[in-house]
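Inspection log for the structure reproduced underneath, given as structure tokens.
The values are calculated or read from the model by the stated rules, or taken from the named source; none is laboratory data. All values derive from a computational prediction rather than experimental measurement. In this analysis, Cβ positions are derived from the backbone assuming ideal geometry, glycine residues included, and neighbour counts consider all displayed protein chains. Ligands, DNA and RNA are excluded from the accessible area calculation, which covers all protein heavy atoms including side chains. Shrake-Rupley method; radii C 1.70, N 1.55, O 1.52, S 1.80 Å.
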Amino acid sequence: ASTLGASAAQTGRYYGAAIAAGRLGDATYTRILTTEFNSVTPENEMKWDATEPSQGRFTYTNGDRILNQGVAMGAKVRGHALLWHQQQPSWAQSLSGTALRNAAINHVTQVATHYKGKIYAWDVVNEAFADGGSGARRDSNLQRTGNDWIEAAFRAARAADPAAKLCYNDYNTDGVNAKSTGIYNMVRDFKSRGVPIDCVGFQSHLGTGLPGDYQANLQRFADLGVDVQITELDVAQGSNQANVYAGVTRACMAVSRCTGITVWGIRDSDSWRTGENPLLFDNSGNKKAAYTSVLNAL
Ligand code: XIL
């Protein structure tokens with residue numbers, strides 16, 4: 001097939017992009033989006049600060065714009081992200097203990113209920129593990145409410161939207177390392193105790209190389225009985241960019257439970273990695289070498 005989405009669909013997968021509501025009026029952006037992609041993720045519009053700017057008052061205007069764009073395209077919509085230590089509204093940042101726990105679980109319930117039946121997969125919890133060699137949870141206000149906050153969030157999400165796949169999502173998990181192993185152990189524990197979890201997202205914000213065990217790492221999670229997805233892919237510009245993109249694509253294609261890939265933006269000028277040119281389309285919307293290498297690998 002001649003587009004990313006159609007090629008991925010040949011093996012039952014999706015190829016998605018993170019999109020921003022504020023860019024949907026840009027004709028080049030929207031042309032590439034609707035031509036190439038069959039999944040969308042809101043770059044910011046479904047985060048806690050966007051959806052519950054004051055406690056108990058929910059605003060879905062921009063999140064709904066992303067949802068409606070996805071529906072209009074016949075695309076999957078990945079929900080991102082119900083709980084995260086970043087981009088929390090200031091009122092939540094000032095809470096702790098039982099008050100924060102209750103507010104967080106209510107947030108999960110309310111947002112997942114609003115989007116019930118419309119989301120392919122939710123990033124229920126984002127970035128809860130620490131970098132470095134500990135393999136431990138990240139310290140955060142949410143973690144300080146008790147180690148069971150993640151499973152409480154997953155149970156609340158399942159109750160609110162039983163049809164959505166529920167994912168744990170993180171970065172620096174691109175090979176077998178202490179951080180990915182900490183997450184692996186959590187997923188194994190959740191599966192053994194019946195805590196609802198369906199998928200693990202590998203953000204894959206990559207530099208100039210790909211760990212040699214990238215595919216093996218995806219596979220070990222899949223072997224636990226969860227889907228895996230590449231959720232926020234972008235790769236530093238450089239001579240190796242197209243090769244790294246191809247390697248990620250081939251790894252996902254080789255893992256039967258790798259259900260899809262999402263790039264974190266469309267053109268380089270849309271990227272959060274300012275000046276790094278990490279995406280598949282250049283500032284003018286032209287296909288880069290990395291685009292061709294992905295298409296050839298799907
Ligand atoms: C980023 C967005 O791209 C930026 O627009 C925003 O200012 C900060 O967040 N990990 C995640 C994403 O899970 O939500 C982040 O997105 C990038 C890192």
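Quick test for you: out of A121, A128, A153, pick the one residue that is touching a Cys at 6+ places or on another chain (Cβ under 8 Å) and closer than 22 Å to G182 by Cβ. Unique residue meeting the criteria: A121.
For the residues F190, F221, the requirement of being farther than 26 Å from V248 by Cα and open to solvent by less than 10 Å² (accessible area, probe 1.4 Å) singles out F190. Tell me, yes or no, whether segment 273-281 has at least one residue that is basic (K, R), touching a helix residue (DSSP H, G or I) at 6+ places or on another chain (Cβ under 8 Å) and within 16 Å of the ligand (Cβ to nearest atom). No: zero hits. Among the residues of segment 233-272, those that are open to solvent by less than 10 Å² (accessible area, probe 1.4 Å), more than 18 Å from Q10 (Cα to Cα) and not in a helix (DSSP H, G or I) comprise L233, D234, V235, V263, G265, I266. With respect to the conditions (1) assigned to a helix (DSSP H, G or I); (2) open to solvent by less than 10 Å² (accessible area, probe 1.4 Å), C167 lacks only one, and its number is (1).
Scanning segment 231-249 for residues that are closer than 15 Å to T173 by Cα and of a type outside the set (S, T, Y) yields a count of 5. Restricting Y115, Y184, Y171 to those that are away from the ligand (no atom under 16 Å from the Cβ), touching a strand residue (DSSP E or B) at 6+ places or on another chain (Cβ under 8 Å) and at pLDDT 95 or above reduces the list to Y115.
When V176 is tested against (1) open to solvent by 20 Å² or more (accessible area, probe 1.4 Å); (2) in contact with an Asp or Glu (Cβ under 8 Å, 6 or more places away or on another chain); (3) within 16 Å of the ligand (Cβ to nearest atom), exactly one condition is not met: (3).
Among the residues making up segment 18-56, those that are within 12 Å of the ligand (Cβ to nearest atom) and open to solvent by less than 50 Å² (accessible area, probe 1.4 Å) are A18, I19, A20, A21, T41, P42, E43, E45, M46, K47, W48, A50.
Please identify the pairs in which a residue from segment 130-157 that is at positive phi has its Cβ atom under 8 Å from the Cβ atom of a residue that is surrounded by fewer than 18 Cβ atoms within 10 Å (Cβ to Cβ), counting only partners at least 6 apart or on another chain. Cβ pairs passing all conditions: G132/A178; G135/A178; G135/T181; G135/N185. Filtering segment 196-218 to residues that are hydrophobic (A, V, I, L, M, F, W, C) and buried (at least 19 other Cβ atoms within 10 Å of the Cβ) leaves I197, C199, V200, F202, L206, L210, L218. How about segment 148-180: which of its residues are among the hydroxyl-bearing types (S, T, Y) and under 23 Å from G97 (Cα atoms)? Y168 - this is the single residue of segment 148-180 that is among the hydroxyl-bearing types (S, T, Y) and under 23 Å from G97 (Cα atoms).
For segment 63-74, filtered to residues that are of a type in the set (G, A, S) and open to solvent by less than 40 Å² (accessible area, probe 1.4 Å), the residue that is nearest to P53 (Cα to Cα) is G63. Does segment 239-260 contain at least one residue that is more than 17 Å from G212 (Cβ to Cβ), at pLDDT below 95 and more than 15 Å from the ligand (Cβ to nearest atom)? Yes: segment 239-260 contains one or more residues that are more than 17 Å from G212 (Cβ to Cβ), at pLDDT below 95 and more than 15 Å from the ligand (Cβ to nearest atom). Residue by residue through segment 189-210, note down the ones that are of a type outside the set (V, I, T) and over 20 Å from the mean Cα position of the chain (by Cα). Within segment 189-210, D189, K191, S192, R193, G194, G209 meet the criteria.
Matching residues to (1) free of Cβ contacts under 8 Å to residues at least 24 places away in the same chain; (2) more than 20 Å from H80 (Cβ to Cβ):
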site: Y168; (1), (2): no, no
site: M186; (1), (2): no, no
site: S192; (1), (2): yes, yes
site: I197; (1), (2): no, no
site: Q203; (1), (2): no, no
site: L210; (1), (2): no, yes
site: A216; (1), (2): no, yes
